[in-house]
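Reading through the structure tokens given below for one structure.
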């Protein structure tokens, strides 16, 4: 687990999961990401995951959030890969030269996941 960052904790509590019941946290994250991330953006794979064919260091374009129903247990984004559109965990992608808002909220998601928080439905 990574060290607690109070500024991030406060931003997440006040802007993303604002007074959400446990089952509402996923939608708080979903709509915050959908609102603040400027799609499309370039990203690099920073971790391999058995749910995706992406390789460490691979660069690709993130087109948007996966459908709301697909993001109840994890935040998934749609990427172009091999001529197809795949939904992959945002936690395995790092923005490359993205705008400040995109970089910040994706960083907040990475932080939240690394702190061991989970989405409960």
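The values are calculated or read from the model by the stated rules, or taken from the named source; none is laboratory data. What you are looking at is a predicted structure, and each value in this text was computed from that prediction instead of being measured. Cβ placement follows ideal geometry from the backbone for every residue including glycine, while neighbour counts extend to all protein chains displayed.
Some notes on this structure:
- Within the range 42-59, the only residue that satisfies the criterion of being crowded, with 19+ Cβ neighbours inside 10 Å and either more than 15 Å from residue 89 (Cα to Cα) or without any contact (Cβ under 8 Å) to a residue 40 or more places away in the chain (or both) is 54.
- The listed residues are 82, 116, 64, and the only one of them that is over 13 Å from the mean Cα position of the chain (by Cα), touching a residue at least 24 places away in the same chain (Cβ under 8 Å) and closer than 29 Å to residue 20 by Cα turns out to be 116.
- Only a single criterion out of (1) surrounded by 16 or more Cβ atoms within 10 Å (Cβ to Cβ); (2) in contact with a helix residue (DSSP H, G or I) (Cβ under 8 Å, 6 or more places away or on another chain); (3) in contact (Cβ under 8 Å) with a residue 24 or more places away in the chain; (4) under 20 Å from residue 120 (Cβ atoms) is not satisfied by residue 28, namely (3).
- Restricting 38, 4 to those that are at pLDDT below 95, loosely packed, with under 15 Cβ neighbours inside 10 Å and either under 19 Å from residue 110 (Cβ atoms) or in contact with a strand residue (DSSP E or B) (Cβ under 6 Å, 6 or more places away or on another chain) (or both) reduces the list to 4.
- Among residues of the range 4-15 that are without any contact (Cβ under 8 Å) to a residue 12 or more places away in the chain, none has a beta-carbon under 7 Å from a residue that is in a loop (DSSP other than H, G, I, E, B) at least six positions away or on a different chain.
- Criterion violated by residue 71 - all others in (1) more than 18 Å from residue 12 (Cα to Cα); (2) in contact (Cβ under 8 Å) with a residue 12 or more places away in the chain satisfied: (1)
- Taking the range 71-87 as the range and being over 16 Å from residue 50 (Cβ atoms) and surrounded by 13 or more Cβ atoms within 10 Å (Cβ to Cβ) as the test, the residues that pass are 71, 72, 75, 77, 78, 79, 80.
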